[in-house]
Amino acid sequence: MDVIVEASGLVKQYGSGSGAVRALDGLDLVAPAGKVLALLGPNGAGKTTLVRAIATLTRPSSGTLTVAGHDVLRAPEQVRRVIGLAGQYAAVEPALTGLENLRMVARLFGHRRREATLASERVLEQMGLADAGKRLVKTYSGGMRRRLDLGASLVGSPQLLLLDEPTTGLDPRSRSELWVAIEELVATGTDVLLTTQYLEEADRLADLIAIIDHGRLVASGTPDELKTQAGRDVVDVQLADGGDLDRAAAMLGPETVVDRNTQRLTVPVAGGADEMLARAGALSTAGITMTDVALRRPTLDDVFLALTGHPAERDAPEESDSGTGTGSSSGTDQRREMAGDAA
Amino acid sequence: MTTTTPNAVTPKAQPRPGAPSGSASAFTTLSAVAIRTGLKIARSPQILGIAIVQSVLFLLMFRYVLGGAIGVPGLSYVDFLVPGFVVSGLLFTAGGGSVAVAEESASGLYDRLRSLPVPSVAVLAGRAVTDAALMLVVALVTLGVGFAVGFRTGAAPGHWLLAIGLLVVYALALSGIFVWLGLVSGSAQAAQGLSILAVPFSFLSSAFVPVETMPGVLQAFAAWQPLTFMVNTWRGLLLGDPVTATFGHSLTFYLVGSLVWSAALILLAAPLVLHAYRKD
Ligand SMILES: Nc1ncnc2c1ncn2[C@@H]1O[C@H](COP(=O)(O)OP(=O)(O)OP(=O)(O)O)[C@@H](O)[C@H]1O
Ligand SMILES: [Mg+2]
């Protein structure tokens with residue numbers, strides 16, 4: 001098995017003394033070539049830090065990190081020949097056209113003048129921006145900018161694409177368009193390492209998922225392996241009356257997850273359909289009315305919850321603010337924060 | 001992760017289809033970045049427009065509002081002012097470059113550039129060269145307005161040529177420092193604030209008043225700081241003997257001094273800029 005990225009005991013510490021933050025805290029990770037690897041983790045898990053370390057933007061404090069066999073500290077030039085980076089925020093110039101943006105990056109990737117134009121046009125086509133290529137980027141929508149940024153990362157046909165939250169801040173339609181674009185790239189043999197907070201995205205795009213939290217690898221495997229690892233099936237119970245939630249939760253036991261908005265209870269069960277029927281029967285006997293009861297295989301959501309102790313971001317970005325609260329606001333606001341942090 | 005990978009590619013074996021054949025040279029990098037920055041400036045006429053309006057307004061204020069109250073021995077104030085204003089104006093235009101650098105830094109552009117296999121020095125030099133070009137354009141327009149408001153010179157073509165050549169050198173030397181300010185400022189607003197430093201820096205020089213009129217410590221600073229060397233060189237070249245006679249030193253002294261200062265500024269800025277650019 002060829003390995004494209006290998007991290008071992010990787011540590012990145014910011015600051016020192018009592019104010020020190022370990023963004024990466026002994027991370028071990030192996031990303032095989034020829035696969036799409038999704039790094040999944042909540043805000044502050046260390047996803048961006050890992051991507052930046054792979055892209056040679058951040059120097060690890062200790063541990064080793066190699067990309068296509070090249071050590072990021074000893075041979076950063078070699079690493080840069082292998083990668084294409086689309087960072088967490090679209091780094092495109094609004095005052096230039098899409099084509100001009102791409103052409104500069106293509107030149108810097110090492111394309112000759114003519115090749116650069118051809119490669120840029122090909123990428124615009126690939127990203128569905130052929131018609132917009134001659135327009136100034138300031139007239140683009142957020143989704144178009146994001147696609148252009150992705151295009152810029154691949155205009156040099158790098159072996160490994162690094163995509164940091166490629167779809168954050170996009171509406172569902174732009175998101176699925178970007179997914180299609182990424183899938184097409186993968187089909188051409190590009191290795192992809194992407195980060196995401198969305199389980200759905202990881203499930204859809206990734207061959208392999210690595211869940212990281214607090215700068216460490218918590219679990220890894222194929223989406224199916226991870227779901228199996230979470231083990232037991234889950235029962236969803238939908239109540240007719242929200243007033244019954246607490247009573248029902250108490251009856252179902254301490255592992256129950258309560259969603260007050262949807263009046264839904266979720267509990268892992270070991271005994272399959274029999275246990276589901278028994279549980280539902282008990283609730284019914286206690287006079288609790290259910291509108292729906294279902295037994296299902298665990299989703300990555302359940303896996304995530306089981307492994308990290310907190311829920312992942314679920315749906316579209318605009319709904320996620322109420323979730324974990326930090327940093328998942330609009331891209332612009334977050335960029336401001338980042339700019340401040342960099343000072 | 002134990003899955004086998006039937007379609008795995010050997011990392012270094014075959015070149016990927018569509019991959020570039022070589023890598024970008026330092027010159028290619030510099031010019032690609034400079035062209036990009038130049039296009040951006042050309043597309044936003046307000047960048048150049050505001051810089052010129054600002055420069056011309058200040059020139060008119062000095063010429064007509066303050067000028068009457070400032071006496072310069074052996075010389076009309078407009079002749080004294082215009083060379084000083086053109087050279088010190090480089091600093092004011094350069095502040096706009098700092099702001100742009102801070103914006104680009106926050107936008108993630110430099111993350112992308114740093115992830116590419118190109119020499120960092122060339123990226124930054126590309127930026128500095130474009131900033132210097134903008135500084136020159138504004139300086140030359142200001143010089144033109146200077147003529148319109150009464151500046152006169154009998155300088156020989158050779159002196160003119162030298163003066164313009166030196167202006168290019170000064171602009172390049174100063175732009176590095178301002179790129180650095182943009183990188184370390186952290187935000188466009190902060191960069192804007194930092195670039196206000198150009199004001200005390202130009203007032204504490206021979207640009208607007210003769211340094212002899214300043215009190216002790218300030219005079220010592222003003223007499224030896226780079227801008228004074230640059231300004232006095234320009235005055236000496238364009239105005240000739242009547243001016244050089246009023247200098248404490250010869251024209252050659254200022255000319256050599258201004259070149260030494262330019263070299264020193266570049267040598268100082270280069271490592272600072274590289275360090276700030278490569279920061280985590
Ligand atoms: N330059 C920095 N200085 C100090 N601390 C930092 C810096 N960059 C990141 N951190 C900290 O390191 C931790 C990991 O940050 P990172 O950006 O890698 O998280 P993430 O998984 O990408 O989160 P998100 O989903 O919000 O993008 C956070 O606690 C963050 O505050
Ligand atoms: Mg991140």
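Here is how the numbers come out for the structure above:
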quantity	calculated
Qualifying positions in segment A:170-198 - at pLDDT 85 or above and either farther than 17 Å from A:Gly128 by Cβ or within 16 Å of ligand 2 (Cβ to nearest atom) (or both)	A:Gly189, A:Thr190, A:Asp191, A:Val192, A:Leu193, A:Leu194, A:Thr195, A:Thr196
Residue within segment A:49-58 that is more than 16 Å from ligand 2 (Cβ to nearest atom), more than 26 Å from the chain's Cα centre (by Cα) and either more than 10 Å from chain B (Cβ to nearest Cβ) or closer than 29 Å to B:Thr37 by Cβ (or both) present	no
Qualifying residue in segment A:179-200 (condition: without any contact (Cβ under 8 Å) to a residue 12 or more places away in the chain, within 30 Å of A:Gly143 (Cα to Cα), out of contact with any helix residue (DSSP H, G or I) (no Cβ under 9 Å at 6 or more places or on another chain) and away from every other protein chain (no Cβ under 14 Å))	yes
Filter result for the condition that a residue is at positive phi, surrounded by fewer than 23 Cβ atoms within 10 Å (Cβ to Cβ) and not basic (Lys, Arg), over B:Gly158, B:Gly154, B:Gly150, B:Gly144	B:Gly150
Yes/no for B:Val217 being β-branched (Val, Ile, Thr), in a helix (DSSP H, G or I) and in contact (Cβ under 8 Å) with a residue 12 or more places away in the chain	no
Entirely in segment B:75-148, the helices (runs of 4 or more DSSP H) that have 3 or more residues that are away from every other protein chain (no Cβ under 14 Å)	B:77-107, B:120-148
Residues located in segment A:36-48, provided they are touching a helix residue (DSSP H, G or I) at 6+ places or on another chain (Cβ under 8 Å), under 25 Å from A:Arg81 (Cβ atoms) and either away from chain B (no Cβ under 14 Å) or within 10 Å of ligand 2 (Cβ to nearest atom) (or both)	A:Leu39
Any hit, segment A:224-233, residues being away from ligand 2 (no atom under 16 Å from the Cβ), surrounded by 17 or more Cβ atoms within 10 Å (Cβ to Cβ) and farther than 30 Å from A:Val11 by Cα	yes
Boolean, B:Ala173 is more than 22 Å from B:Val78 (Cβ to Cβ), away from chain A (no Cβ under 14 Å), at pLDDT 90 or above and in a helix (DSSP H, G or I)	yes
Per-region count, segment A:228-277, residues in a loop (DSSP other than H, G, I, E, B), over 19 Å from A:Leu307 (Cβ atoms) and aliphatic (A, V, I, L, M)	1
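The values are calculated or read from the model by the stated rules, or taken from the named source; none is laboratory data. Given the structure is predicted, the values throughout are model-derived calculations rather than measurements. When we count neighbours, we look across all protein chains shown, and the Cβ atoms used for this are built from the backbone with ideal geometry, even at glycine.
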